[in-house]
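Comments concern the structure below.
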Amino acid sequence: MNKFHLLQFHALLQREILEHRNMFIMAPAILAGLILLFSVWAMTRMGQDTVSISIEYMALLFDGLSPLEMAPIFMIPAIPFIGIFYFCAIIYLMNSLYQDRQELSILFWQSMPVSNLNTVLSKLVTIGMVAPLFYIATMFALYVIALFWLAILGWSYDIEVAGLGYMFLAAVASLIFVYLSIVTTALWLLPTIGWVVLFSAFAKRTPILWAIGVFILVGFLEEFIFGTQFLGNFVQSRSTPTQYLILDFQDIVERLINYDMLFGILVGSILLAGAVYMRRFID
Amino acid sequence: MSNIIEARALTKSYGSLKALAGVDLTIPTGAISGLIGPNGAGKTTALKALIGLCDVEGELSVAGMDPRTARHKLMEDVCFIADVSILPKWFKVSQLIDYVEGVHPKFDRIKTEEFLSATDIPANKRIKELSKGMVTQLHLALVMAIDVKLLVLDEPTLGLDIIYRKEFYDRLLNDYYDGDRTIVISTHQVEEIEALLTHLNFINNGEIALSAMMTDLADIYTEVVVDPEQIAQADALNPIHIRELLGKKSYTFESVPKAQLQPLGEIYTPSVADLFVAKMKDSRHE
C-alpha cells in the first residue's frame, strides 16, 4: 500500500464520517448534553448535606484503589453511550451498501477509482474503529466537565475532594477499556456484521427484513433437514453481554486469540467477501 | 488510430427482456462518438457495461482493460456523468472536491476551482441546495479537472434549460476536448450534439443499427425530395424511409450513388435527427 492508497483510504473514512455525522458526532453530543442538563437539575434539587455525603461516599468507594481498579466503575456512565452507538451501528451497517443504490449516488461513487474491497473495508473500519473515537471523545469531555464540577463543588462547599488526579486517570483508563471493548465486539460480532452487510449489498429494498428473514429461514431449514441447531447455537454463543466487555488489559489477549474468535473472523470475512462481490454490479 | 473501446457480441438480459442483443461497437481513440437511440434501446446498459457497472456477456475492452474485472483501475482513465443527479446530496461542494482530490490520482483541484469560479456555485452549499443545472455544472467542473482518456456521458443535459445545455457542450468542446481524449455521449437531443460528433452510432432494440464516421454520412445517405413524376423510380431504389414534406415526398436512401438519385429531385444530406428517424423506422421493419 503506497502513500496515495493511504490518502485514498483516509478520504473514504472522511466521507463516512461526513455522511453519518448525525450518528457519529451529533448523537453522542446530544446525549452528553442531556446527561449534563439532568445532572445540573438533580444537583439543584439536592441540599448541601446530600452533596457532601455523596462526595464523602465517593471518596470512601475509591479509597485505596488504583486508577485501573477504579476504571470499571467509571465505565458505568458509558453504558447509554454504548447503547446509542450500537443502535446507530445497526442502522449504519444496514444502509452501508444499500442507501447509495437507492438514491443512485452509487453511480458517482462507482465512477471513482475506488475498489469495492476498499469501500467495504472503509465502512468496517469506520464503524469498528473510527466512529467509536467520537463517542470516546465526547465521553472524555463529559468526564472532564464532571471532575471540574466536582472540584468547584468541593471548593464552594468547603469539602476536601481527595484523589481528583486518580479519578481523572481512572476516567481515561475506563475510556480506553470502552474503546477496546467496542473494537473487540466488532471482531467478535464479525459474522453478524458480515451477514448484515451482505444483505445491505444484495437487497433491493428493506435489507433488515432480508437479513432477519433469510436467517430464520436458513435456521429452520437446518433444523428441518439436518435436525441440528448449529446456527442458533452459534448466535447464542456470541450474545452474552459480558463477552463484549474489556475490564482489564489482560482480557484483550484472551478475547482476541482464541479459536472461537478466529472462527468468527473467518465466517465474517467470507460473508464480507460475498458483499464485495455483490457490489461489483449495480443492476 | 487505435481503438479505445472494442466490444463484440455484447449481450445482457433482464429476465425475458434483452437489453443488449449482440452489440458490436468500436470507438477510436480521440473520437467524439454519439450513442443515439430511443427510450429502452439499450444506451444506458451499454454505457454502464463500458465502465464496469453492469455484467454483460461478450468481448469487451475499454482503454485496454476489461471493465468487468478491473473497474476501479479503469476509472483512473475514464470519467462518467450519468443522466440523473447522482452527486451525493449531503456533501458540501468543498467536501465533494476534497473527496475527489483524495480518491482520484489524476484530479487537479485548481482546475475545478477555476471552473467553479466562473459559476454561481458557492463552495459552502450542500449539493441538495443547488439547482439541477448547478449540479451538472459542478459535475462537469470535477470531470474536466481529471486527466483521463475517456469521458462517458449518459444524457448529461437531460432536464436542463437551453442555456445550461449550450454552455455544457461549449465547455466540453472548448475547454476539455483536445483531440487525444475520447468522448462518448448518449443523448436524446441529437440536434445539439450533431456538430460536435466525429462518429455516430444508433442503437435500437439492443443492437447497433448504424455505426459510421460523420464525414462518411454524406457519402452513404442521401435525402431526395422526389418530383411527383419520379415516384415510381424512387420506390424502385429501395429507400430506407419515406416522409411527407410540404406536400411532397422525401426519400432517404442508403448507399445509392448520388448520380443515380440526382434526376429524381432535389438531393440533400440528411440531418442526424432525420437519419435517426429513418434508421429507427427501417430497423423496426426489418
**Residue identified as more than 13 Å from chain A (Cβ to nearest Cβ), buried (at least 17 other Cβ atoms within 10 Å of the Cβ) and within 15 Å of the chain's Cα centre (by Cα) among B:Ile36, B:Ile51** = B:Ile36
**Complete:** Those residues of the stretch B:143-156 which are of a type outside the set (Asp, Glu) and not in a loop (DSSP other than H, G, I, E, B) amount to B:Val143, B:Met144, B:Ile146, B:Leu150, B:Leu151, B:Val152, B:Leu153
**Fill in**
Okay, strands (runs of 3 or more DSSP E) sitting entirely in the stretch B:157-266 with 2 or more residues that are within 26 Å of B:Thr44 (Cα to Cα), I get B:182-186, B:199-204, B:207-213
**Asked** Within the stretch B:116-138, is there a residue that is within 14 Å of chain A (Cβ to nearest Cβ) and within 20 Å of B:Leu47 (Cα to Cα)?
**Response** yes
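Residues in the stretch B:56-74 that are part of a loop (DSSP other than H, G, I, E, B) and either more than 29 Å from B:Gly15 (Cα to Cα) or more than 12 Å from chain A (Cβ to nearest Cβ) (or both): how many? Talk me through it step by step, then tell me what you get.
Residues of the stretch B:56-74 that are part of a loop (DSSP other than H, G, I, E, B), as a first pass: B:56, B:63-64, B:66-70.
Subset that is either more than 29 Å from B:Gly15 (Cα to Cα) or more than 12 Å from chain A (Cβ to nearest Cβ) (or both): B:63-64, B:66.
Total meeting the criteria: 3.
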**Message:** Can you find, within the stretch B:102-112, the residue that is farthest from the other protein chains (Cβ to nearest Cβ) among those that are of a type outside the set (Gly, Ala, Ser) and more than 26 Å from the chain's Cα centre (by Cα)?
**Reply:** B:Ile110
**Asked** Do any helices (runs of 4 or more DSSP H) entirely within the stretch A:83-185 hold 3 or more residues that are in contact (Cβ under 8 Å) with a residue 60 or more places away in the chain and buried (at least 16 other Cβ atoms within 10 Å of the Cβ), and if so, which?
**Response** A:116-125, A:131-157
**Request:** For B:Thr26, state whether it is in a strand (DSSP E or B), polar (S, T, N, Q) and in contact (Cβ under 8 Å) with a residue 60 or more places away in the chain.
**Result:** yes
**Message:** With under 25 Å from A:Ala137 (Cα atoms), in contact with a Gly (Cβ under 7 Å, 6 or more places away or on another chain), modelled with pLDDT of 95 or more and not β-branched (Val, Ile, Thr) as the only criterion, which of A:His10, A:His20 stands out?
**Reply:** A:His10
**Prompt:** Which of (1) within 12 Å of chain A (Cβ to nearest Cβ); (2) buried (at least 21 other Cβ atoms within 10 Å of the Cβ) is the odd one out, the single condition B:Ala41 does not satisfy?
**Reply:** (1)
**Prompt:** Listed residues A:His10, A:His5, A:His20; which is within 11 Å of another protein chain (Cβ to nearest Cβ) and crowded, with 16+ Cβ neighbours inside 10 Å?
**Reply:** A:His20
**Message:** I'd like the residue in the stretch A:220-245 that is without any contact (Cβ under 8 Å) to a residue 40 or more places away in the chain and of a type in the set (Ser, Thr, Tyr) and, out of all such residues, is surrounded by the fewest Cβ atoms within 10 Å (Cβ to Cβ).
**Reply:** A:Thr242
**Message:** Looking for something within 20 Å of the chain's Cα centre (by Cα) and facing another protein chain (nearest Cβ under 8 Å) - is there at least one such residue anywhere in the stretch B:94-101?
**Reply:** no
**Asked** (1) of a type in the set (D, E, K, R); (2) over 30 Å from A:Ala71 (Cα atoms); (3) surrounded by 15 or more Cβ atoms within 10 Å (Cβ to Cβ): which one isn't true of A:Lys204, the others all being true?
**Response** (3)
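The values are calculated or read from the model by the stated rules, or taken from the named source; none is laboratory data. Please read all numbers here as calculations on a predicted model, not as lab measurements. Every residue, glycine as well, gets a Cβ built from its backbone with ideal geometry; the counts of neighbours run over all protein chains shown.
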